[in-house]
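The values are calculated or read from the model by the stated rules, or taken from the named source; none is laboratory data. Keep in mind that what you see is a predicted model, and the values were worked out from it rather than measured. No Cβ is skipped: glycine too gets one built from the backbone with ideal geometry, and neighbour counts run over all protein chains shown.
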Amino acid sequence: MPFLKSTIFFVKLIFIPVKVDFVLVSLNHFNRSYGKNDFLQPIKEDLKKSNKSFLYFEDTDLKGAYRKFPRSDEAIGFDFITFCLIALKKIGMSHKASIKVLRAVFFRNLDYKFLINMAGYTLSFFSEMFPTRTHFELQHGLIFNNREWWMLDDWNKFQNCGILLNGKGSKEILLSNKDYVSKESSKLLISGGKDIKKNYFPNNQIKNILFTEQITIDNSSLEIKEYIDFFCTILMNNIDFIRSHNIFIYIKEHPRIPNSLNSRYSDFEFVMDINKLENNSLFAHLTFNSSSVFEYSLMGIPSIIIDGLSRRDPKFLLDTYKMPATDLLINKNTSFKEIIQRLEDNNYFHNKSKEFESWSGQFFEDHNPEILTEIVKSKNFS
């Protein structure tokens with residue numbers, strides 16, 4: 001149905017002009033709350049309140065993997081255009097020529113002023129097709145996680161693009177780092193992050209540890225095995241200590257993994273799915289380098305960082321973001337047991353909780369209610 005709906009819309013667009021203030025573009029795997037995109041939701045609500053007209057396009061990968069994730073009822077599928085791009089490429093047409101063809105056929109009747117994107121290639125797609133419009137990439141996750149998209153050479157191809165950031169901390173990092181994106185402050189606006197529901201609270205009297213797993217459908221079977229084996233080795237090396245201290249580890253799988261891998265930990269009776277957590281108190285958050293550290297830090301929950309897996313190096317969190325976790329780092333010098341014992345100290349735990357909460361606030365601010373006004377004012381930066 002999404003493909004059919006998409007096809008009908010773009011065929012109609014050949015004949016019927018559509019003019020809106022904003023275009024929003026996303027991928028369906030960001031629909032993580034009952035089919036809703038939590039990242040875009042605050043902006044959509046702002047648009048509705050201010051009576052700004054908008055179109056909401058939602059893309060998928062067409063291969064089958066992302067199609068397992070829910071689709072938004074509000075969105076128009078971008079599936080048909082993605083299919084056209086694949087078809088044009090297969091017949092030997094260049095990317096630039098494909099853009100011209102699609103612009104002439106399916107997009108000549110579309111008119112908009114601003115675009116907010118969080119779907120990868122579609123930012124360059126619309127920027128090339130509508131070079132006089134103003135476009136923004138909405139930050140989702142960490143922007144320094146070895147993603148070529150944020151590198152200076154790639155970004156500067158599109159002079160009419162800016163970034164909507166989660167907090168001032170990210171803006172300061174971008175402006176001070178010569179290797180990443182535009183130096184123009186006017187292109188970096190603070191929109192704030194998605195609405196973080198503080199469902200957990202810090203408590204070092206009950207040893208509940210939440211592990212945010214980072215395996216996704218994009219990982220190869222070898223990468224998945226390497227990841228799980230590394231984590232299981234840590235558990236095995238500390239199994240007696242974990243059992244004797246009544247430590248329970250709850251697995252929160254990545255949203256982009258439709259098939260559960262929890263059975264991989266069946267040998268450890270103290271490891272279970274997050275849905276089995278009976279109270280909302282957490283002793284700590286455990287991860288390799290997930291951006292979830294910001295969410296749990298906002299709740300005052302300290303993060304224990306696992307070091308040693310090359311594909312999940314936490315160096316950028318510690319060095320670039322200055323995360324206060326150098327003394328909570330599991331590596332060849334510091335064991336899981338030592339870190340747990342540190343957090344058992346009430347004064348240490350309390351101070352660490354406050355430190356994490358303060359640190360995360362600069363990178364994950366509340367939604368900026370004036371962001372639409374700021375976007376409109378930035379209209380001429382192209």
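Checking each residue in segment 87-100 for being loosely packed, with under 11 Cβ neighbours inside 10 Å and either more than 19 Å from D61 (Cα to Cα) or within 29 Å of the chain's Cα centre (by Cα) (or both) picks out I91, G92, S94, K96. Kindly evaluate F349 against the criterion of being touching a Pro at 6+ places or on another chain (Cβ under 9 Å), closer than 20 Å to F288 by Cβ and not assigned by TED's automatic domain parsing to the domain that holds R133. Judged against the criteria, F349 is not a match.
For residues in segment 1-51 being under 17 Å from I375 (Cα atoms), surrounded by fewer than 16 Cβ atoms within 10 Å (Cβ to Cβ) and not acidic (D, E), which is modelled with the lowest pLDDT? In this case the residue turns out to be Q41. In segment 310-346, of all residues being in contact with a strand residue (DSSP E or B) (Cβ under 8 Å, 6 or more places away or on another chain) and either over 22 Å from I247 (Cα atoms) or assigned by TED's automatic domain parsing to the domain that holds S176 (or both), the one that is surrounded by the fewest Cβ atoms within 10 Å (Cβ to Cβ) corresponds to L318. On the given criteria, is L85 assigned by TED's automatic domain parsing to the domain that holds F9, among the aliphatic types (A, V, I, L, M) and in a helix (DSSP H, G or I)? Taking the combined requirement at face value, the residue satisfies it.
Scan segment 6-41 for residues that are part of a strand (DSSP E or B) and either of a type in the set (F, W, Y) or under 12 Å from the mean Cα position of the chain (by Cα) (or both) and jot them down.
Here is the first cut: in segment 6-41, the ones part of a strand (DSSP E or B) are 18-19, 22-27, 31-33, 36-37.
Correct list: F22, S26, L27, N31, R32, N37.
From the list K63, K96, the one residue that fits, being assigned to a loop (DSSP other than H, G, I, E, B), at pLDDT below 95 and either of a type outside the set (F, W, Y) or over 27 Å from I190 (Cα atoms) (or both), is K63. Number of residues in segment 7-43 that are farther than 30 Å from L165 by Cα and either among the aliphatic types (A, V, I, L, M) or touching a helix residue (DSSP H, G or I) at 6+ places or on another chain (Cβ under 6 Å) (or both) equals 7. Taking first residues from segment 291-304 that are within 12 Å of F211 (Cα to Cα) and partners that are of a type in the set (A, V, I, L, M, F, W, C) and part of a loop (DSSP other than H, G, I, E, B), the Cβ contacts under 7 Å between residues at least 6 apart in sequence or on separate chains come to V293/M323; S303/A325. Looking at E355, E370, just one residue is among the acidic types (D, E) and surrounded by 15 or more Cβ atoms within 10 Å (Cβ to Cβ), and that residue is E355.
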